[in-house]
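Comments concern the structure below.
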Amino acid sequence: MQKKEIIKSLIREFHHRPLPKYTAREIAIPLKVEKIITLIGARRSGKTFLLYQLIDRLLRETDKTNLIFLNFEDERLGLVIQEADLILQAYRELYPGRDMASCYFFFDEIQNLPGWERFVRRLYDTVSTHIFLTGSNARLLSSEISTSLRGRSISYEVFPLSFREYLSFRGITVDFYIPETKGAIYNALESYLEFGGFPELVSIADDEVRSRILQEYFDVMLFRDLVERYEIKNLIALKFFIKRLFSSATKQVSIHRIYNDLKSAGIRIGKNSLYDFLEQAEAIFLVQTLKKYSPKVSVQEFGERKIFIIDNGLLNSVVFKFSADRGKAMEQVVFWELRRRGKQFYFLKNGYECDFITVSRSGMITDVIQVCSDLSDPLTLSREMKGIRKTCKRLGKSQGTIITYDQENKIKEDGVITNLIPLPVFISQDYST
């Protein structure tokens, strides 16, 4: 079958089959801004179903035949950039005389079409301004968008489910005043901390099956997204490096130290290659780094950074069980919640240690946040309170926050108010709060 006929069949297939069932995500994506909308994020984080959610909204006001949806991971497609115009030809032959300016294009995993940006730019400039793209490679999309699509696009990051979304997927109402509901929320929290928020796993009850799926996610990210995409030859060094990043979750990582450990193990690799590994792991959203807070830009940009893994389930499937370190799992969750809320934030470590310092666009410090799973021990409470007070005084803040597992209080001491907030309360709040 010719490729144009294959594209026709894919377009008609989409037009005639019902949309898959989905649970709505709490990600506000505009439909009519006449910009190319790009959704980027880790594999299996729900980008495709978010496209379905957008399509469902459009179907309230337009016919489905005005929508073109293509998944570029579909092996039947297999286009090269010189054949991309076949998409337009196929649609025009299916619907002759249709004004394509009113059409909406949804291209899933567009990075699988090499040179896609040239086609998308032409599509936007000459055919339709309603274009939605997804991709799993942050560096690929961000770098090419900033050059080829400058002024034409808006990007949105899609992460695994937030806790609010996780509760929604499980049909649990956010209400801490009803004992039964509060119990259900904490039960869900335990599962969320251990198995994470990848949407596919929510409906799977078998722990062994969930663990196997998470391991499969990790293998695909490692071999397909890193090894194949970046043509990495030194697989032994890459595996060692990624495992070290995972074991360093929520901690500062030293590339120099990892380099020396590899050297001691007889594994030869240049230090610059390790920096490339880190950049590539960030590009595919496998890990993200957090900068140290400092008034000096050089310290922020070139100092050591903390490592956070995209999802607790993924982390748990590779290196640790969250029950052995609930504090680490909680800190991971808070990091990604701050990312989802679009916060600008850092960690602090210069004699005053603090997990997260949030900063406004103007550079003003807005919150001082520490994560501690259990403050029932008076010595632990005293230590954490002292740390928050010292940090707040140094930064000129009158109050700070300690995120706990289940303790709630407001303590004023030495002129500083410390708010103790249970983790599920903090991460189930509306983003606008």
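Only the coordinates and a few stated rules stand behind these numbers; no lab work does. Remember, predicted model here, so these are calculated numbers, not experimental data. Ideal geometry is used to build each Cβ from the backbone, glycine not excepted, and the neighbour counts take in all protein chains shown.
Some observations on this one:
- Dividing the C-alpha radius of gyration of the range 269-406 by 2.2 N^0.38 Å, with N its residue count, gives 1.12.
- Beyond 18 Å in Cα-Cα separation lie the following of the pairs K349/K393; K8/K35; K306/K386; K47/K328; K296/K390; K291/K386: K8/K35; K306/K386; K47/K328; K296/K390; K291/K386.
- Cα long-axis angle, helix 255-264 against the chain (0 to 90 degrees, to the nearest 10): 90
- Radius of gyration (Cα atoms) of the range 290-363, expressed as a multiple of 2.2 N^0.38 Å: 1.20.
- Distance between the range 3-66 and the range 216-275 - C-alpha centres, whole angstrom: 36
- Cα-derived Rg over Rh, computed across the range 3-158 with Rh taken as Kirkwood radius: 0.92
- With distances taken between every two different alpha-carbon atoms, the range 123-210 has a Kirkwood hydrodynamic radius of 16.3 Å.
- The alpha carbon centroids of the range 160-177 and the range 337-365 are separated by 25 Å.
- Principal axes of the range 161-325: Cα extent on each, largest first, Å: 56, 42, 28
- Of S155, S102, S298, the one that fluctuates the most in a GNM where the chain has Cα springs shorter than 10 Å: S298
- For the chain, the longest principal axis of the C-alpha atoms and the axis of helix 235-247 are separated by about 50°.
- Dividing the radius of gyration of the alpha carbons in the chain by their Kirkwood radius gives 0.99 for Rg/Rh.
- Distance (nanometres) between label positions extended 7 Å along Cα→Cβ at K296 and N260: 2.2
- Computed over the range 341-433, Kirkwood Rh from alpha-carbon pairs, angstrom: 13.5
- Translational D in µm²/s for the range 15-54 (Stokes-Einstein at 4 °C, 1.567 mPa s, Kirkwood Rh from C-alpha pairs): 111
- For the range 237-340, the spread of Cα positions along each principal axis, largest first, Å: 37, 36, 23
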